[in-house]
Amino acid sequence: MRMLSDIPIAFLMIAAVTLVSAVCAMSLRNLVHCGLCLVLTFVGLAATYLHLSAEFVGFAQVLVYVGAVAILIVFTILLTRNAEVTLSPVSQSSLVGLGIAIAVCGSLVLPLVTSPSLRRLPAQSLAPDAQVQRIGEKLMAQYVIPLEALALVLTAAMIGAVVIAMRDDPERNDPSPSPQNQKDTGSVSNSPAGTALNSSSSTSSSQRP
Amino acid sequence: MNYMELLGALAPEAIVVLTALVALAVDLLVLRQAPQNARQVVAVSITAVGILAAIIALSVAAPSPPWMDGLLINHSTTAFLKQTLLVLALVAGILSIQSRFTQHTGEYVTLLLLSTVGMMLLVSSDNLLLMFVALELTSLPLYVLTAFNKESPSSSEASLKYFLIGSLSAACLLFGISLLYGLSGGITWTQLATTLRAGSEPIVYLALILTLIGFAFKVAAAPFHLWAPDVYQGAPTPVAAFIASGSKIASFYMFARIFMAALPGTAGSAAWSGATPGWVPLVAALAVVSMILGNVAAIAQRSVKRLLAYSAIGHAGYALLAILSNTEQGMGSLLYYVVTYAVTAMGAFAVVNVIERDVQAPNGESLTDFAGLSRRSPLLSLCLLVFVLSLAGIPPLAGFFGKFYIFIATAQSGTSQGLIWLVMLAIGTSAISLYYYLQILKQVYVVESVGQPTPVQLRPAESACIVAMACTVLILGCAPNWLINRFSPNSTEVRRAGVITKPSTTLELAAEIHPRITAPLGTATGLVQKRPQFETTTANAQ
């Protein structure tokens, strides 16, 4: 049985910081504090990568998540009006949630601890041969298809975010109201069934301040 | 490494991506001021041209050897599945013409096509890395498309649920994949199949369970189905139709491939007496819960879209039977089943789309909105009759042969027909499902409509799609060989990847039940000739 003393002390410290900040990120009441705790979690993850000799991933984690995403999250929280509203995340089912979390965690950890193959692993950490140049070569040659697919995922995410966040109000967005009128006449002439919906939507939009 | 060769191999996907970008650019740059109808027609026309080009590119492409560690495989089965996915995407685009759930036509078409590209990559991947990326590319646009109806709170709610549960399932899947990678040291099917064996290692089972949970969420198998009813009901109907059809085909194909081809050593057995641990008993449990829960819960539904969602959960249970049979017949029957199911579900949703536009109820359609449909539109109700009876599995429609092949494949797999209890259960739940399917038809054909029956407004393109799908269901039911034979050439490739196939007497059983279909099936699939080879494979595996 592998003991706690076998595990490097640096890993324990990094793991503790990561876990505690992650728990704080989801349980604190002030959203800004949650965002800052999330930054600390990202830092902890980056330190874990560095500790595993995955230098490129670690630095990318620092640059992208700690540097950009975290700032974005904090900005979003501060710019939306609800920043001052403190939420109460503690619900009545928190005990049930805790029980489920412990059960899931136990069922994940138990097989990991009892599996013999994990004890066969070498004691010293394997330093992966992950120079940035080799990563780049692999990404552009062998794994160019997943790279392209990820580009498509990001495109879809960007389009989706814009569509969902965009205010669906043509009168407000369009410089002239004429397209709206054209739309109305076009749809009415084409489908008699659309008249009711259209008139109701136009009345509701006219009632809007 | 030759980028031009790669571009040639990826030509259909590249065409679809280009189409998506062109449609977006035309809509945003040229047609900004145009009326909504014109924008929809132009966007869907561009989509149709691109999809036709991609289908042609797929049909002329020569089958290429696996590309770079199985990152890209192209053979006749993947080409056919990709063509089916493209046609389904086109139908989803056509269904959205003149619907008023969104003003962002260009974005709608673009996301629809990007999701299709994800499904196409998912179908032709033999590699955990591309599998996960493609699964995300499939799902992410679908989350957004579900939220497209911004005037309806249920659309946003469904999208958020879909997104959160989908993210959770992706996390489970990623955890499982990382364990598989850590245990085997490889990410291709061949590497996984040669290294992973069921044994005393609990961690193998943990990896299996996590991977299974991820896929069970994607295919909406109970008890991981909770997103499906809300999404089917809340999403705009064309989107729901695409989620119910296209994503089902791609997810089930990948589900079957990763377990059959990559993890044959950890299969186990779900036989009634003498079950052994592995993924097969887990899939059996999912199948049992899905078949019972889906079919029983559907009885209580009053919204047809919700009813179709629960029916989809039940159908996922039947398809899981094909996966757990773990034979190449199981694979063939699964593909026949999901393809015919996808066409049928798309057709049913298309009819619901028409009715929903017709009634314009704020809370979507309900079962009573179909009352007296046979007098209001005989064509539409006839098509709905075909779709619903096919879902229920009534011969001679395609749904019957789908279930028939799956039941045979399941009953014949396993030693001494140990899986026959699952088939009995499936037949029983099929009988239950008949009740709620006939409820729909009762509304359509028996119940009188409230007030004067007014004809339903049908657009030509839409009705052409619906009639074409109904004819497809009918033709595939009358001539199932055409489709099931398409999936047989792949069998050699699947077996090479390590599927343990078992000697089978399907043909004899099929001959007893249905003499007409047996002869071409036997000669075309060559099952008889292959049988000695199966036995050696099994012997080696043991």
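The numbers here are math on the coordinates, done by the rules we state, and not lab data. Keep in mind it's a predicted model, so treat the numbers as computed, not measured. Cβ sites come from the backbone with ideal geometry, for glycine too, and all protein chains shown count toward neighbours.
Some notes on this structure:
- Computed from Cα positions, the angle between helix B:398-412 and the longest principal axis of chain B comes to roughly 20 degrees.
- Pairwise centroid distance, computed over Cα atoms, of the range B:47-101 with the range B:431-463, Å: 32
- Sum of side-chain charges, B:Leu21 neighbourhood, beta-carbon under 15 Å (Lys, Arg +1; Asp, Glu -1): -4
- Taking a ≥ b ≥ c as the square roots of the eigenvalues of the Cα gyration tensor, the range A:7-89 is classed as oblate, since a/c reaches at least 1.5 and a/b does not exceed b/c.
- Exposure proxy ranking, count of Cβ atoms within 10 Å, fewest first, for B:Glu13, B:Glu151, B:Glu157: B:Glu151, B:Glu157, B:Glu13
- Listed residue pairs exceeding 32 Å between alpha carbons, taken from A:Lys138/B:Lys161; B:Lys150/B:Lys403; B:Lys403/B:Lys442; B:Lys82/B:Lys442: A:Lys138/B:Lys161; B:Lys150/B:Lys403; B:Lys82/B:Lys442
- Taken over the range B:126-541, the convex hull of the Cα atoms encloses 126 Å³ per residue.
- Normalising the average separation of contacting C-alpha pairs (under 8 angstrom, six or more residues apart) by the number of residues puts the relative contact order of the range B:126-541 at 16 percent.
- Our Cα-only numbers for the range B:262-328 put the radius of gyration and Dmax at 14.1, 45 Å.
- Between the helical axis of B:527-541 and the longest alpha-carbon principal axis of chain B there is an angle of about 60 degrees.
- Residues in the range B:236-249 carry Karplus couplings, in order, of x, 4, x, 5, 4, 5, 5, 4, 6, 10, x, 5, 5, 4 Hz; the curve used is 6.51 cos²θ - 1.76 cosθ + 1.60 with θ = phi - 60°, and Gly or Pro positions show x.
- The range B:1-125 - Debye-derived log10 I(q)/I(0), Cα point model, q = 0.13, 0.16, 0.20, 0.22 Å⁻¹: -0.52, -0.73, -1.01, -1.16
- In this Cβ point-charge picture (+1 for Lys and Arg, -1 for Asp and Glu), chain B has a dipole of about 500 debye about its Cα centre.
- Net charge of neighbours whose Cβ lies under 14 Å from the Cβ of B:Ile313, counting Lys and Arg as +1 and Asp and Glu as -1: +3
- Solution diffusion estimate, µm²/s, Stokes-Einstein, the range B:71-170, Kirkwood Rh from C-alpha pairs, 25 °C, viscosity 0.890 mPa s: 169
- Radius 12 Å from Cβ of B:Val41, net charge of other residues (Lys, Arg +1; Asp, Glu -1): +1
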